[in-house]
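The structure under discussion is supplied below as structure tokens; questions concerning it will follow.
Each reported figure results from applying straightforward, stated rules to the coordinates on display, with no laboratory input. Remember, it's a predicted structure, so these values are computed and weren't measured experimentally. Glycine gets a Cβ as well: all are built from the backbone with ideal geometry, and neighbour counts include every protein chain shown.
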Amino acid sequence: MLTVESLKKSYDDTAVRRSKRRSDDGSRVFAVGGVDFEVHDGELFTLLGPSGCGKTTTLRSVAGLERPTGGRVTLGGRVLFDDKQGINIGANRRGLGMVFQSYAIWPHMSVFKNVSFPLEVMPRAKRPGRKEIEERVEQVLEVIELGAYASRPATKLSGGQQQRLALARALVTRPELMLLDEPLSNLDAKLRENMRFELKRLQRELNLTAIYVTHDQAEALVMSSRIAVMNQGRIEQIGKPREIYTRPATRFVAEFIGTSNFVEAKVTSVRGDEVEVDTPQGRLLAHKVEKVPLVGDTVLISIRPECVDLTRERRGDVPNEWSGTVLTRAFMGDVVDHIVGVGNLEIRNRSNPTLSIPPGTEVHFSVAPDKVTLVPVD
Amino acid sequence: MTVVPAPTTSRDDGPGSGHGVAPPPRGAAAGARLLRLLRRPLSLQGLLVGGAVVVVGYLAVVPLGYLIHDTFLSADGRGVSFAAFSRAYGGNSQSGEMLLNSLWFALGSAALALVLGTSLAYIQVRTDTPFKGLFFAASLVPLIVPGILYATSWIFLGDPSSGILNSLVFKPLFGSSPVNIYSVWGMIWVQGLHLAPVAFLLMVAAFRAMDPSLEESAAMSGASRLTVLRRVTVPLLRPAMISGALLMFVQSLESFEVPGLLGLQNGIYVFTSRIYFVLRAYPIDYGAAGAYAIGLLLIAAAGVLFSSWLQRSSRNFQTVTGKAFRPRPVELGRARPFVGAGVILYFLITVVLPVAVLVYASLLKYYAAPSSKTLSQMTFANYRTVWHQPLAFTALKNSLIVGIGAATAVMVLTSIVSWVVLRTRARGRRLLDLLAFTPIVIPGLVLGLALSFVYLRTPLPIYGTLLILLISYCTRYLPYGMRYASSAMAQMSPELEESAAVNGASWFQTFRRVLLPLMSGGILAGWVYILVVSFRELSSTILLYSPGKEVLSVLIWEQFENGQFTTLAALGVCMVVLLFLLVSVAYRFGARFGLQNDSAN
């Protein structure tokens, strides 16, 4: 199990300070400003966020490629970094596996040599014999289906193959923890989708513990056991993919993952975990609310487009039913979006493409109360 | 065969690929294709392209042809003879010692430059060292301080009797004068320091082109720093280091300034100074000089072959992704102040000290190490001498005429040649590219000798005029012009030309109204660069100038031969100021076009 406690990283380098984020009051700017998380054994833990949110810096701090400004990193009882005790184990002695965004395949070595390198540079006491190295390399190459390419120069591989080679190299020492830094972002769309499942399968079969960094929310949702959504050097929410999607804890998470309709509202009554709010366009009921607000609080309502049920006729027997006019219709093949104007609000609906209502039509829509999410206003 | 734009190939043929020192020739078929290309003479395009081919061929091939012909010609003017070689290398000519000196000097300088340049490049690119700006300031030294002045400065510093290092540092502290600049070690030191910035710039480019995650992934695999260096960093940088080493080697081999100023004093001869020596003796033995020149060419060619043999296995290292690398500098931590101090020290020794001593010497009547006496007698007399010397202004005028002429001619020529090479499918383009790059391995002194062979025999009134210097400079700087012109052209999408053609522009209209304006930045940068380097050209000029047609660098050389060191220093300071201004202007225009990557001399 990996534990990261209040990890901080700031850049003092003047060039960085000049070009990047500089806080207005001139105080130290943190690329990572106090991050805590745990990665359990056998888990694929994803750091998700937009570029510059600190996810890669966090990963590199765990890797030992970057020296954090403060905090503590432990792996299975072994302290990797602790600024109070002055411990900072070198990247080469942490015994982790890492796959880089650019794959970082050594172009001057063959496929086999690329994979055998981590075994060859092990400390003498632990280093396996020549025979065993050969067996282990071949075994790993079989697992990732590169067995036939062992003697090729690494540069003769295609992008997808290089990606798998990078994975093999990280796997060959059977590390306690794998670090994956946007490993799929250089592949084309089709291959990327295949590799998602491939990676997931490998991770399950080999029972790997891994930290996965990506800015691609779809990738994160597909692959992760748990996701930490990061923004501006901080973690906004940690949770299972479904939780993150259906119950975003902050506006940022709701906006970053998927699309969402936001409505500002005031809480009018609270009964258990059922909350009634008032919006300029009418009342809304929300069920199964996690952080129950107080009556009179201002909150933000988040509704996913696919939770908006659009009908031509008014049903009347469902809660949270509003009326409006279709403003735009966008056909996207597998789904169709309608944007409905309600007063000065625009509500996006996502439906099966069998539904098609021309703009200008009067329509009605409703949202099931347990699909109405309350997000605290920041 | 028609000349058609070839957008698909032109990208692959960017300046990197064909511009190694010696791409392999394509054989006879290429020549035939070229001929067919030339048979389209009646279009303007054909004329321009054909003209460019003829001029490049003439500049690159004819002098060498004459050199070889005249050297092997027997005394009676008929048949082949090796008499010139036996005169040059046989008997008690001490040619073995000369050969050893040459190799020792060239290899030593190349090694020193490469080690210094590579370490500095690593520190600059890969660490969070302080004073990053100083690195590039130091890298401008070879552009601003010509070799002849740099060597002179080091004479002021390292002369065994009057040098500052001996009389102010070693004598008082250790009671001895160990520094002797008039030795092979002294020559290596000066040449190596002067070339180090070139190596630095080459290696900076190599480090920047190398994905740091290649090293990081090795560290993540458990390799120690030393193992990473040995098994990943060095093998990956090998191609760049080999071509850098070759460049340093060839440039040291052909350098005349340093062996001329520092070696002749103690009778330490290398090829270049021997050629000069033979040509200054009576009767002039042109055959023997030619024999030395051919020997020098052979060694340079052997160097080229050897380095391409070393490179044979590392051709396809260029690899992986098109993503820009996020530079993540290595944090030096506690070593940072020490590295910073080292950078300052390097800057002081290689830049501040030589320039300061030049300024100091220019203010003295007779050169002596600083003491209260010399400091109290400082005077501007030398500057007045320079000012009142009519020759100084003639030389400045001549330098400007030849420099501007060569810069203009080379950039016009190379714009056309690079268009042919990059944008057409003309099969001879490889050969043309090769021809345009050949002069980079021809030592200046050899070119000077070859050109004097050509024009001493030609009835044209060229020998003894400025025109012969112009021809020499055009030949020497053709490769540099090619680098600027072709990188400017490679930066431009072929679609821009194609859209002009689709809109009805003729080839010439497209060239003049689309290509030239878009390339103008790069061409201007190349123009100023050639102007700057032609100011300090000495090694071919010294054989080709005639009295009354001196240029600035020759004037400095004459002052040196007459022992007027302080006047030389004053003249040198003026020249440094002038070059500094020119380089600043060049930087304004050429920042985008990588002037800093081309300070090879």
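Using a Cα-Cα cut-off of under 24 Å, which lysines could be cross-linked to A:Lys126, ignoring same-chain neighbours fewer than 8 residues away?
Result set, ordered by chain and number: A:Lys113.
A follow-up question, please. Could I have the simple spin-label model distance between A:Arg314 and A:His40, label points 7 Å from Cα toward Cβ, reported in nm to one decimal?
4.9 nm
Per 10 Å bin, what is the whole-percent P(r) computed from every C-alpha pair distance within region B:337-463?
Pair shares across the bins are 9, 17, 23, 23, 19, 8, 2, 0.
Could I ask something else about it? Any idea how far the Cα center of region A:93-154 sits from the one of region B:370-417, in Å?
Between the Cα centre of region A:93-154 and that of region B:370-417, the gap is 61 Å.
What are the residues whose amide H is under 5 Å from the amide H of A:Gly233, where those residues sit 5 or more places off or on another chain and H is modelled from the backbone?
A:Gly54
Further question on the same structure: Just tell me which lysines come within less than 20 Å, Cα to Cα, of A:Lys240; anything on the same chain fewer than 8 places away is out.
Within reach: A:Lys55, A:Lys200, A:Lys288, A:Lys291, A:Lys371.
Give me, ordered by chain and number, the residues 5 or more places off A:Thr268 or on other chains with an amide H under 5 Å from its own placed amide H.
When sequence neighbours closer than 5 places are left aside, the close amide H contacts are A:Glu276, A:Val277, A:Asp278, A:Gly296.
Mind listing the phi-derived Karplus ³J(HN,Hα) values for region A:131-142, rounded to whole Hz, using 6.51, -1.76 and 1.60 with θ = phi - 60°, and x for any glycine or proline?
4, 5, 4, 4, 4, 5, 5, 4, 4, 5, 5, 5
While we're here: In deg cm²/dmol, rounded to 500, what helix-only [θ] at 222 nm does chain A give when every DSSP H run of at least 4 residues adds -39500 (n - 2.57) and the total is split over its residues? Can you show the working numbers first?
Numbers: 9 runs with 88 residues, N = 378.
Counting only the DSSP helices, I get -7000 deg cm²/dmol.
Would you order A:Ser6, A:Ser61 from fewest to most other beta-carbon atoms within 10 Å of each residue's own beta-carbon?
On the way: A:Ser6 14, A:Ser61 25.
Result, fewest neighbours first: A:Ser6, A:Ser61.
Related question: Kirkwood Rh, region B:33-592, all Cα pairs: how many Å?
On the way: mean 1/r = 0.0391 Å⁻¹.
With all distinct Cα pairs of region B:33-592 included, I get 25.5 Å.
A further question follows. Helix A:111-120 against the longest principal axis of chain A: what's the angle in degrees, Cα atoms only, rounded to the nearest 10?
70 degrees
For region B:232-306, place one equal point scatterer on every Cα, skip the solvent, and apply the Debye formula. What is log10 of I(q)/I(0) at q = 0.16, 0.25 Å⁻¹?
At q = 0.16, 0.25 Å⁻¹ the computed log10 ratios are -0.66, -1.11.
Then there is this: To two decimal places, what compactness ratio does the protein assembly as shown give when its Cα radius of gyration is scaled by 2.2 N^0.38 Å?
Working: Rg = 35.8 Å, N = 979, 2.2 N^0.38 = 30.1 Å.
Normalised Cα radius of gyration, the protein assembly as shown: 1.19.
Another one. Using a Gaussian network model of chain A whose springs link C-alpha atoms within less than 10 Å, name the residue from A:Leu294, A:Leu59, A:Leu48 with the highest mean-square fluctuation.
Evaluated over chain A, the most mobile residue of the options is A:Leu294.
Count, for each residue of A:56-66, the Cβ atoms from other chains sitting within 10 Å of its Cβ, then give me the mean as a whole number. Display every interim value, and only then the final one.
Details: counts 2, 1, 0, 0, 2, 0, 0, 3, 3, 9, 3.
What the average comes to for A:56-66 is 2.
Under 5 Å between amide hydrogens, which residues at least 5 positions from A:Val308 or on another chain qualify, with H placed 1.01 Å from N in the peptide plane?
HN-HN under 5 Å from A:Val308: A:Arg350.
How much length, in nm to one decimal, is gained on full extension between B:Leu100 and B:Val359, taken as 0.36 nm per residue of separation minus their Cα-Cα distance?
Here the answer is 89.7 nm.
Tabulate in residue order the Karplus-calculated ³J(HN,Hα) for region B:63-69, using 6.51 cos²θ - 1.76 cosθ + 1.60 with θ = phi - 60°, rounded to whole Hz; enter x for Gly and Pro.
Each residue of region B:63-69 in turn: x, 5, x, 4, 4, 5, 4 Hz.
Quick one: go through region B:124-152 and flag any residue whose amide nitrogen is under 19 Å from the point 7 Å out along the Cα-to-Cβ line of B:Asn266.
B:151-152
Right, something else. Could you name the aspartates and glutamates in cross-link range of B:Lys549, using Cα to Cα under 14 Å and dropping any fewer than eight places away on the same chain?
B:Glu558
Would you mind getting me the FRET efficiency between A:Glu276 and A:Ala218? Use the beta-carbon distance for r and R0 = 51 Å, nearest 0.05. It would help to have the intermediate numbers written out before the result.
Values: r = 34 Å, r/R0 = 0.67.
That pair, A:Glu276 with A:Ala218, gives E of 0.90.
Now for a different question. Just for the Cα atoms in region B:479-557, what are the lengths along the principal axes, largest first, rounded to whole Å?
Its Cα atoms span 56, 21, 16 Å along the three principal axes.
How would you rank A:Lys131, A:Lys55, A:Lys8, going from fewest to most other Cβ atoms within 10 Å of each one's own Cβ?
Values: A:Lys131 8, A:Lys55 29, A:Lys8 19.
Ranking A:Lys131, A:Lys55, A:Lys8 by Cβ neighbours within 10 Å, fewest first, gives A:Lys131, A:Lys8, A:Lys55.
A further question follows. Which distance in nm do the two modelled labels at B:Leu345 and B:Ser493 give, with both placed 7 Å along the Cα-to-Cβ direction?
5.2 nm
Quick check on packing: order B:484-490, B:122-128 by the mean number of other C-beta atoms within 10 Å, highest mean leading. Display every interim value, and only then the final one.
Details: B:484-490: 25.7, B:122-128: 19.9.
Descending mean neighbour count gives B:484-490, B:122-128.
Right, something else. Hey, for a label at A:His287 modelled as a point 7 Å past Cα toward Cβ, could you say which residues of region A:243-268 have their backbone N under 18 Å away?
Correct set: A:246-247.
Would you tell me the mean number of C-beta atoms belonging to other protein chains that fall within 10 Å of each C-beta in B:222-229, as a whole number?
Working: counts 19, 7, 5, 2, 0, 4, 2, 0.
The mean count of partner-chain Cβ atoms within 10 Å per residue comes to 5.
Ok, one more. Apply 1/(1 + (r/R0)^6) to the Cβ-Cβ distance of A:Thr268 and B:Arg334, taking R0 = 56 Å, and write down the FRET efficiency to the nearest 0.05.
Details: r = 62 Å, r/R0 = 1.11.
For A:Thr268 and B:Arg334, the calculated efficiency is 0.35.
Could the peptides A:137-149, B:469-481 be put in order, highest first, of the mean number of other beta-carbon atoms found within 10 Å of their residues?
Values: A:137-149: 17.0, B:469-481: 24.9.
Ranked by mean Cβ neighbours within 10 Å, highest first: B:469-481, A:137-149.
For region A:167-184, in order, what is each residue's ³J(HN,Hα) by Karplus, 6.51 cos²θ - 1.76 cosθ + 1.60 with θ = phi - 60°, in whole Hz (x at glycine and Pro)?
5, 4, 5, 6, 7, 4, 8, 6, x, 5, 9, 9, 10, 10, 9, 6, x, 9
If you don't mind, there's one more thing I want to ask. Please give the average number of partner chain Cβ atoms lying within 10 Å of the Cβ of each residue in A:120-130, rounded to a whole number. Could you put the intermediate results ahead of the total?
Details: counts 5, 9, 3, 2, 0, 0, 1, 1, 0, 0, 0.
Mean shielding by partner chains, rounded to a whole number: 2.
So for the pair A:Arg78, B:Val54, with labels modelled 7 Å out along Cα→Cβ, what separation do we get in nm?
Distance between the two pseudo-spin positions: 7.5 nm.
Given 0.36 nm per residue, what is the gain on full extension from B:Phe136 to B:His69 after removing their alpha carbon distance, in nm? If you can, show how the numbers build up before the last one.
Numbers: separation 67, 0.36 × 67 = 24.12 nm, distance 4.48 nm.
That works out to 19.6 nm of additional length.
Please order B:Tyr282, B:Tyr58 by the number of other Cβ within 10 Å, starting at the fewest.
Working: B:Tyr282 5, B:Tyr58 13.
Listing B:Tyr282, B:Tyr58 from fewest to most nearby Cβ atoms yields B:Tyr282, B:Tyr58.
Could I ask something else about it? Between A:Thr354, A:Thr311, A:Thr328, find the one with the highest GNM mean-square fluctuation for chain A; connect C-alpha pairs within less than 10 Å.
A:Thr354
Also, quick follow-up: Taking 0.36 nm per residue of separation and subtracting the Cα-Cα distance, what length does fully extending A:Arg234 through A:Ser158 add?
Details: separation 76, 0.36 × 76 = 27.36 nm, distance 3.65 nm.
Using 0.36 nm per residue and subtracting the Cα-Cα distance, I get 23.7 nm.
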